[in-house]
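Only one structure is covered here, and it is reproduced in the block below.
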Amino acid sequence: KLKGATWVKNPDPQGSSLTLLHNGAIVPAQPMSNVPNPGDGEQFTLGAVLTAGQPQELFMGELEEVRIWKVARTLEQLQDNLFRRLLDDQESLIACYTFDAEASDRLLDHSFNGHHLPLGESPHRPTFVLSTAPVSDDTPYVRNTLAAVGTTFSGLIHSQPNVQEYGDMQYDGDGNLIGILKRCHAFIKDGGWHLLTGYKVGNLVAEWVGQVQFSPQLIGYIEGAPPIPSENLTRQEDYSQATSVEILQADRTIHTYSVAKDKGFDMSVEAQVSAGLSFSAEAGFGVTTEIADIEASFGVKTAFEHSLGWLEDTSVGSGKKTTKVSRLDLQGHWNGERFVPQNVGFALVQSETADVFALRLKHNDALVSYQMRPNPDIPRDFNILTFPINSLYTRQGTLDGRVGLEADPSSGDSSYFKPIEAYALKDRIRRQEEELKSFFDQFDAGAIGRRQNATHFSQGDLAEGRALEKLPRLEKRNLVNTYVWTANGGLFTESQETLDVMQEKIGGSFSFTGKAGITANVGLSVLGVSAGFSMEAMFGGHLNLTVTKSQDSETSFGLNVNLDGVERDIHQRDEQGRVVLNTQDPLNPVPKAEPGKVDAYRFMSFYLQPDVQHFDDFVDKVIDPVWLNQSNNPNAIALRQAIQAQQTASDRDKSLPWRVLHRVTFISRVLPDVDSPQATPMEQTLVKVNLRSGWQLARRLAPFIQGKVGADVNLAIQEAIALHLPELQPHTREVINYMREYFSIPETL
């Protein structure tokens, strides 16, 4: 009895149909003449049918392999496995017989179930013979010329064959989509080109290994970590994160809802009391005549008002703060003598996400290829692409194309030392700030409401809610920060940060006042004397209701640089590692600095707001062109996609990336000893007067030029040299040029 199989009656009249295939093609089948009787019981027999215990309908021929499955196989699956041993898909296999002479008394089952069959008795006992079936590790047209037996499929070709493997997708018997690795052969025979396809190498399984990004859009880029002198990085093997730069943007939004209600009781009373006299004047000469009536009235009037009120004011609000930080740290490696920083930049992109699958053969887990499939469940989101910076543009580790006292041959003709470009950029940013201030001064806030003279608003704008749209929106303006670093622990920072605030308030109000009351008037006149009284009393209430909602938004934006990891230990050391002291002053010996090391430098870091020109500079100047165009690195491939998309995009859809760059404007190195062949005459003189670097010279002369401008700077330096450093008088012009460059003092017009 077969394990995993049960004999049942199929209600489908076509369900028990038998389909025969010959070499993968369907052939007609003939019905059996001897059908097993129910009394013979359930049986599973190969090559015959047992009727009353005797074999009938004997198979006359050779069997190479028999496979029995739980689920019907598709025609394509049968054709794929026709000329090969079964290597996989054995989960749904009930029995598999390869008819190899492995045992003398039974036929072995190579499935997981072990349905071994006993061999029949003589004279019907089968025998094992040498197989000529085209079953091998390749298509039946191919055979091993050394050991394989020729078959009816074998032939002679007239060219060297070409072999290619490819993937194929098909459905199994359950309707599931599966992957198959197939092989095809191309060759020339009898003057014609032949293509044999369809040989199955094995089933493919997809193994999820990770994700990649594609179709990126460049949002902005940072041209490396802040510049660092690698000649100073010799005391330890790892200076990673010695410098870093970050863009910090914080958005804060608060929504507030408020209701104010004022209700109360109002009362007003007016009362008046009056008194008066009335009389008549008469005249007559025998006849009485009335000349006039005279009335006089006097009184007092008073008024009272009384109001009671109850105020209810409720406010509720919710807020959210979102912080975005783009940061790049210094990285590098130790070359045995010093730490060599990597010349790497940072590109922030928004990209699609694809899942990466490793396609492997199911039967031996061999890797065939990698496949990327876009993930529709993940929207476009932020990603980081690091890239090598063109060393002919800027090279990290050298401030000015030199490492110590020697030129860096790998840095080319360009370096971070671009003071003219730096100060031009700084001046441009300063002018932009002045333009913003001028815009504020010219903004005519008093013109609101004067339709005919309004510069920005009209009454219609305010009534229709268009006023907010006409307000200026100023965000993420250009920034420039200045940093001065010294080896003796000094650090000066001048940084900028923008703050943009927007307030919006919308509301409505309802007001009601009502009064009702009584009035009274009383008058009395007796013998010419009159009196009167009147009163008016009003009672009522009021209700004032105000409902508002407001939104307060605040965006702060800044550029931060960290230089805490720059090596400040620049002292000379002997062979035992001890610090060498300068003994020129025996009473106060100080550590001697190592010539060539940087003891001070100044640089500027710029943030430039989004502009299409920054994309062109990124492609043409910043990124390493060889890496971009030839590398198979996933980041290079993604950036090539971004560039191609930019080239085909319309002006409206082009990327407008922001940009962060650094420019060095001053470098001071420790000068070599006087007797060193590397020292210039001015350097030799500076050493003689105990000034071991340009930075020390600048510190010595700075008090004399403080507050000076124009030609007065030159005169102040000349006087200071004559009085305090007469040894430098032959080098006065060089000192003046150096000081002007250090303090960024323009030349005299």
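The values are calculated or read from the model by the stated rules, or taken from the named source; none is laboratory data. Every value quoted in this text rests on a predicted model; they were computed, and no experiment measured them. As a convention, Cβ positions derive from the backbone with ideal geometry for all residues, glycine included, and neighbour counts pool all protein chains shown. These area figures cover heavy atoms from the full protein model, side chains too; ligands, DNA and RNA do not enter into them. Shrake-Rupley method; radii C 1.70, N 1.55, O 1.52, S 1.80 Å.
Figures for the structure shown
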quantity	calculated
Reach of LYS320 by Cα under 15 Å, taken over aspartates and glutamates that are not fewer than 8 positions away in the same chain	ASP251, ASP552, GLU554
HIS363 versus SER631: modelled label distance in nm, points set 7 Å from Cα along the beta carbon direction	4.1 nm
Farthest toward positive dipole pole in the chain [+1 Lys/Arg, -1 Asp/Glu at C-beta], among TYR393, THR482, LEU725	LEU725
Over 18 Å (Cα to Cα) - which of LYS324/LYS549; LYS321/LYS437; LYS426/LYS708; LYS182/LYS362; LYS261/LYS549; LYS70/LYS182 fall in this group	LYS324/LYS549; LYS321/LYS437; LYS426/LYS708; LYS70/LYS182
Normalised contact order of the chain, rounded percent, pairs of Cα under 8 Å and 6 or more residues apart	13 percent
Candidate aspartates and glutamates for bridging to LYS592, where Cα separation is under 12 Å - those fewer than 8 sequence places away on the same chain excluded	ASP569, ASP574, ASP673
Mean Cβ count within 10 Å, highest first, over the residues of peptides 544-557, 489-502	544-557, 489-502
Charge dipole magnitude, Cβ of K and R +1, D and E -1 - the chain, Cα centre, debye nearest 20	720 debye
Most to least packed among 359-371, 334-346 [average Cβ atoms within 10 Å]	334-346, 359-371
Residue-normalised accessible area of the chain, expressed per residue, 1.4 Å probe, Å²	60 Å²
Surface share of carbon and sulfur [accessible, 1.4 angstrom probe, percent] for the stretch 530-569	54 percent
Amide hydrogen neighbours beyond the local backbone of ARG659, cut-off 5 Å, H modeled	TYR221, LEU608
Helical mean residue ellipticity (222 nm; -39500 (n - 2.57) per DSSP H run of 4+; nearest 500) of the chain	-4500 deg cm²/dmol
Burial order of peptide ranges 160-169, 518-527, 394-403 (average beta-carbon count within 10 Å, highest first)	394-403, 160-169, 518-527
Assigned charges on the beta-carbon of Lys, Arg, Asp, Glu; the stretch 51-205 dipole about Cα centre (debye)	320 debye
Lysines whose Cα lies under 30 Å from that of LYS189, excluding same-chain neighbours fewer than 8 positions away	LYS200
Carbon and sulfur %, accessible surface of the stretch 35-191 computed with the full protein complex present, 1.4 Å	53 percent
